[in-house]
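What follows is one structure encoded as structure tokens, with my remarks underneath.
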Amino acid sequence: MSSEIANVVVVGGGVIGTAITAELASQLDSVFLIEARPRLGLGASTRNSGVIHAGIYYEPGSLKALHCVRGRHMLYDFCLTHKVPHRRCGKLIVVEEQEQLPELEALRKRGEENGVEGLELVDRHFIRTLEPEIEAPIALYSPNTGIIDAERLVATLASLARERGAHILPATPLTGASFENGLVRLSTPHEEVKTRFVINAAGLYADQVACMFGYREHTIYPCRGEYAELVPSRSQLVNNLVYPLPLASGHGLGVHFTKTVAGTLLVGPNARYVASKEDYEHGRVELSEFYQAARTMLPSLRLEDLRLSYSGLRARLAPEHDHSFKDFVLRRDPVSPFVIHAIGLESPGLTSCLSIAKSIARMVSE
């Protein structure tokens with residue numbers, strides 16, 4: 001690689017970086033993906049609920065709304081074509097009291113403004129038909145929400161990228177960057193590389209990669225989401241996806257139930273800001289916190305049904321006490337138009353990955 005000039009180097013081998021690489025490799029030769037970890041998708045891409053979101057929650061006109069709705073359609077088609085395990089299972093957003101109907105109405109209105117199809121306010125009978133163990137007077141039903149095997153998605157995208165001629169280099173962290181004679185020089189522990197374009201899709205570390213180019217406008221604050229899961233003998237208590245109203249703080253969608261493609265019933269995640277971008281386990285919350293958050297929706301849940309599961313880190317662009325909406329950042333570097341930054345791509349980043357990849361490829365072609 002050091003002896004040639006690459007067309008594009010993508011920094012970051014999560015689901016978005018891998019999707020970008022696969023898309024660019026269909027249009028260009030000499031496309032490289034470098035990833036700091038020993039294999040692709042070890043970060044937030046596979047440490048989440050694995051939900052294909054419909055596009056309900058995001059501000060109308062935002063990049064999150066655009067890419068979630070467009071990306072959902074693309075992702076379902078991709079999964080069917082490439083046999084990625086998934087289910088278009090639908091989701092219930094439930095409330096505790098009938099008086100919370102206006103909040104569900106507001107969510108439905110926002111979703112419809114974003115182009116989400118099929119949203120419906122449903123009563124207790126409808127809820128019990130889908131989820132006999134869930135207790136709620138009313139809910140918002142989203143038939144086009146689904147779940148996906150995120151690890152298989154990343155692996156499939158990587159395989160597609162390789163088939164199209166891309167070069168994927170795991171265990172290759174970026175250590176420095178500079179501009180030289182109209183090209184970008186990238187440094188890794190193994191070699192230095194010259195390239196015409198760089199795509200910064202480094203997830204939790206996208207702000208630090210941006211700083212290597214002198215772009216310091218954004219800071220990523222790691223926010224940990226922890227999960228519990230039900231013991232296998234109780235995993236039949238919930239069939240698909242059941243969510244509460246999103247958190248008033250804006251820092252998450254609330255502890256919810258997710259039945260994965262493998263049949264595991266997850267409870268979570270919570271939302272806890274941490275100091276380190278590598279802190280997945282220190283000071284994990286007790287199972288009783290998951291139980292207290294979930295038992296209103298699922299009265300038959302018992303504390304002994306739960307055991308701790310994995311955790312993940314969200315790449316938040318807002319600090320803990322900032323409740324404002326923060327959109328995806330997809331922009332050219334202000335110094336070099338040949339560097340494109342993709343920063344703060346937390347949820348619905350998984351759902352949006354193919355749509356974001358299309359947009360990034362268009363920015364490169366322009």
Original post:
Roughly what % antiparallel, to the nearest 5, for the DSSP beta bridges in the chain?
Top reply: 70
Subject >> Magnitude of the charge dipole, the range 311-366, Cβ model with Lys/Arg +1 and Asp/Glu -1, debye to 20 >> reply: 160
**OP:** Mind checking the full-extension length gain between residue 331 and residue 287? Use 0.36 nm per residue of separation minus the Cα-Cα distance, one decimal, nm.
**Re:** 11.7 nm
Original post:
Of 133, 304, 117, which is the most mobile in a GNM of the chain whose springs link Cα atoms less than 10 angstrom apart?
Top reply: 304
Subject >> Restraint check, 83/358; 277/358; 326/358, Cα-Cα greater than 23 Å >> reply: 277/358
Subject >> Net charge, residue 192 excluded, C-beta distance under 14 Å - Lys, Arg +1, Asp, Glu -1 >> reply: -1
Original post:
Given a Förster distance of 45 angstrom, what is the FRET efficiency for residue 162 paired with residue 323, based on the Cβ-Cβ distance and rounded to 0.05?
Top reply: 0.60
Original post:
From the Cα gyration tensor of the range 233-366, with a ≥ b ≥ c the square roots of its eigenvalues, which class applies: rounded if a/c is under 1.5, or else prolate if a/b is larger than b/c, or else oblate?
Top reply: prolate
Subject >> Dipole axis of the chain (+1 Lys, Arg; -1 Asp, Glu on Cβ), positive-most option in 167, 85, 209 >> reply: 167
Original post:
Using alpha-carbon positions, what is the distance between the centroids of the range 91-106 and the range 212-270, in Å?
Top reply: 19
**OP:** Let me know the shape class of the range 1-61, please: from the alpha-carbon gyration tensor, a ≥ b ≥ c as square roots of the eigenvalues, rounded when a/c is under 1.5, otherwise prolate if a/b is greater than b/c, or oblate.
**Re:** oblate
Original post:
Do the sum for the chain: with -39,500 (n - 2.57) for every DSSP H run of n ≥ 4, divided by all residues, what is the mean residue ellipticity at 222 nm, to the nearest 500 deg cm²/dmol?
Top reply: -8000 deg cm²/dmol
**OP:** Only helices at least 24 Å long along their axis, Cα-based, and averaging 0.0 or more on Kyte-Doolittle count here, so list those DSSP H runs from the chain.
**Re:** 63-82
Original post:
GluC sites (Glu not before Pro) within the range 1-59: which are DSSP loop residues with at most 12 other Cβ atoms inside 10 Å?
Top reply: 4
Original post:
Can you pull the percent of the chain's accessible area that's carbon plus sulfur, 1.4 Å probe, other chains left in place?
Top reply: 50
Subject >> Net charge dipole size for the chain [Lys, Arg +1 and Asp, Glu -1 on Cβ; Debye, nearest 20] >> reply: 680
Subject >> For the chain, accessible area per residue (1.4 Å probe, heavy atoms of protein chains only), Å² >> reply: 41
Subject >> Förster radius 45 Å - calculated FRET efficiency between residue 62 and residue 187 (Cβ-Cβ, nearest 0.05) >> reply: 0.80
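The values are calculated or read from the model by the stated rules, or taken from the named source; none is laboratory data. None of these values were measured; they are calculated from a predicted model. With ideal geometry, Cβ positions are generated from the backbone for all residues, glycine too; neighbour counts draw on all protein chains shown. Surface accessibility is based on the protein's heavy atoms, side chains included, excluding ligands, DNA and RNA. Shrake-Rupley method; radii C 1.70, N 1.55, O 1.52, S 1.80 Å.
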